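Since every read-out is calculated from the coordinates, none of them should be taken as a lab result. None of these values were measured; they are calculated from a predicted model. Ideal geometry is used to build each Cβ from the backbone, glycine not excepted, and the neighbour counts take in all protein chains shown.
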């Protein structure tokens with residue numbers, strides 16, 4: 001594929017989030033983007049066009065030290081309400097899971113399990129979702145972007161932030177990220193952060209203290 | 001460290017020589033003596049070796065001074081203490097204690113310091129199995145999906161709902177009392193731990209139990225079985241039957257077992273502390289150092305003979321991680337010792353090895369009646385920041401030795417060495433204390449070698465003793481910035497005490 005995967009409009013449009021978020025690793029992260037979302041096509045048809053490129057990203061993420069793959073979904077209905085965002089997330093991840101070339105079909109497994117995380121193409125992936133439903137007090141606020149973004153972060157990309165000779169991210173880095181979000185009025189929900197279930201963090205509740213968004217049931 | 005601009009007085013020349021470069025002694029470099037000069041670095045008889053060292057976190061290789069010749073052998077190094085990494089891949093990773101001596105039968109406390117990663121749906125922490133019981137596992141502790149931690153004793157089990165905090169260090173405690181059946185689980189508060197660690201406060205306290213229930217009332221756990229961390233046993237000690245699909249994935253920093261159900265206050269008192277090993281009811285306290293890992297064993301505060309933790313080959317392949325503590329190891333004469341205490345990284349320490357060959361009289365009984373005979377003895381002392389520390393003897397075979405090394409300073413990855421002094425006398429406590437921060441001119445009579453990081457005009461590491469034991473070095477250079485940690489210049493600047501240790505009762 002001879003195109004600039006880091007220059008796609010999905011990446012360019014996501015930059016407003018990448019450059020304004022309080023996460024200290026975001027600004028320097030290397031993101032590939034999906035090709036333009038075509039509103040006239042179905043969700044499945046759009047994902048069919050994206051899947052080969054997503055797989056290519058996953059193949060190259062380790063050697064090229066790539067951090068994430070962003071899909072931008074055009075149109076208000078994908079993430080203008082928390083219900084829409086939850087449903088969108090389920091539909092996208094369900095479809096990808098069904099098409100998983102590694103045959104893992106993770107969405108068919110017990111999601112509320114500490115060992116579960118989304119997987120595709122044999123890679124474990126953390127999912128971040130950003131929609132216009134979130135206001136500026138939410139850690140998933142998209143800084144005025146109107147479209148919905150789903151960011152696929154291979155879990156191995158987190159290891160790049162871990163210092164050699166250590167098992168996990170330094171506590172100081174974690175604490176700083178949380179403090180920065182708190183300082184800017186977008187605090188993490190400690191209950192969600194402390195949950196053993198990865199899925200709980202994929203779609204954040206609108207407000208602190210709101211119940212977990214059970215997007216997989218949407 | 002001093003700048004490179006001051007002149008150096010060279011006793012061999014009897015004159016002041018031009019300023020020389022001062023090197024940062026540390027990192028992957030080292031300095032070695034030419035073989036033809038090796039005999040000049042030998043110390044036969046009494047010996048004192050002093051060095052200022054700064055060990056950083058993630059310390060791995062930490063050799064300070066090594067000398068071996070036909071005439072003498074002395075060595076000073078650090079042994080990093082850290083975590084082991086367990087996985088659900090082949091080759092299997094496990095920690096095993098077989099033929100367990102005095103396994104707690106009717107009351108126990110198990111403490112684990114772990115950092116789990118997402119792996120298996122069924123993740124085994126501990127499996128204890130005895131050959132003659134009717135149970136697959138006499139004691140089994142595992143996390144099972146939404147059920148959280150599950151504890152089984154003699155085939156009776158209880159689901160606690162307590163889940164692990166993934167990708168995060170946590171202290172987990174399980175206590176059980178047979179007479180009441182009461183089982184409690186304690187765990188660090190994850191958010192509080194992160195906040196405290198980021199503020200430099202490495203020790204947080206446990207709050208009340210997250211779970212209290214009843215299990216196996218009036219039952220007892222058999223002795224003499226096989227305890228495994230990280231894998232579920234299908235048959236006692238049968239490595240082929242370990243179920244890798246139920247293994248633990250993550251890191252283990254320490255494991256401790258008591259033969260009584262400790263209360264909250266006591267748990268917090270001992271939390272994060274390196275114990276003496278003879279605390280009442282302490283059965284074992286296992287940690288992992290580079291030296292112990294290299295020989296496939298664990299450190300145990302309680303005993304070097306019983307309940308030896310053995311490591312799978314897979315665990316021996318990679319260095320210990322998450323190093324924030326170390327032991328001091330010393331060799332002199334025919335003795336090898338290690339400090340009983342652990343010391344924290346990220347500060348300067350003055351280390352001293354003092355070796356004395358002593359004579360003493362011994363009463364012997366012979367055919368003609370009792371007589372006295374003169375025996376040669378050896379005494380090896382370790383001092384840290386001028387204070388003697390308790391030591392344990394080690395088997396020399398536990399200390400790998402590179403036969404090609406003759407006399408060397410370094411390698412000291414993740415750290416700094418500053419001012420090494422080697423004496424052919426056993427310095428007294430008073431002499432050591434008076435010269436801790438700087439050396440008096442009239443104290444140099446017995447100096448064998450003295451290094452400060454200065455170089456000679458011909459590019460060697462200068463020996464300031466005047467005996468000409470300059471070393472060829474590689475990988476060391478002058479500091480590029482002034483941001484190196486500054487060595488203490490007085491008692492007031494010395495760091496606090498070692499990792500808090502429970503003193504042995506008098």
>> Once R0 is set to 51 Å, what does the formula 1/(1 + (r/R0)^6) return for the Cβ-Cβ distance between residue B:406 and residue A:43, expressed as a FRET efficiency to the nearest 0.05?
In response: 0.10
>> Give the separation of the Cα centroids, region B:320-355 to region B:220-252, in Å.
In response: 33 Å
> Between residue B:474 and residue B:273, 0.36 nm times their residue separation minus their Cα-Cα distance comes to what?
Replying inline: 68.5 nm
>> Could you sort the peptides A:154-162, A:137-145 by per-residue average Cβ neighbour count (10 Å cutoff), highest mean leading?
In response: A:137-145, A:154-162
> At what distance in angstrom do the alpha carbon centres of region B:32-77 and region B:477-494 lie from each other?
Replying inline: 22 Å
>> Sort A:207-215, A:114-122 by the packing proxy (mean of other Cβ within 10 Å over each peptide's residues), most packed first.
In response: A:114-122, A:207-215
> Taking a ≥ b ≥ c as the square roots of the eigenvalues of the Cα gyration tensor of the protein assembly as shown, is the shape rounded (a/c under 1.5), prolate (a/b larger than b/c) or oblate?
Replying inline: oblate
> Where does each of B:21, B:428 land when they are ranked from fewest to most other beta-carbon atoms within 10 angstrom?
Replying inline: B:428, B:21
> Based on the mean of other beta carbon atoms within 10 Å per residue, what is the order of B:223-233, B:41-51, most packed first?
Replying inline: B:223-233, B:41-51
> Normalised by the residues of region B:131-182, what does the relative contact order come to in percent, with Cα pairs under 8 Å and at least six apart?
Replying inline: 24 percent
> For B:132, B:454, B:398, what ranking results if the residue with the fewest other Cβ atoms within 10 Å of its Cβ goes first?
Replying inline: B:132, B:398, B:454
> What length, rounded to one decimal in nm, is gained on full extension from residue B:357 through to residue B:244, with 0.36 nm per residue of separation minus their alpha-carbon distance?
Replying inline: 35.4 nm
> Per the helix-only calculation at 222 nm, which mean residue ellipticity applies to the protein assembly as shown, given -39500 (n - 2.57) for every DSSP H run of n ≥ 4 and division by its residues, nearest 500 deg cm²/dmol?
Replying inline: -4000 deg cm²/dmol
>> Could you tell me the center-to-center distance, by alpha carbons, between region B:160-210 and region A:1-69 in angstrom?
In response: 39 Å
>> At a threshold of 8 angstrom on Cα-Cα distance, excluding pairs fewer than six apart, so keeping six or more, what relative contact order does region A:1-70 reach in percent?
In response: 39 percent
> Per residue of B:320-327, what is the mean number of Cβ atoms on other protein chains within 10 angstrom of that residue's Cβ?
Replying inline: 2
>> Inside 10 Å of the C-beta atoms of A:114-120, what's the mean count of C-beta atoms belonging to other chains?
In response: 5
> When you look at the Cβ of every residue in A:168-175, what mean number of other chain Cβ atoms sits within 10 Å?
Replying inline: 6
>> At a 10 Å Cβ-Cβ cut-off, how would you order B:64, A:177, fewest neighbours first?
In response: A:177, B:64
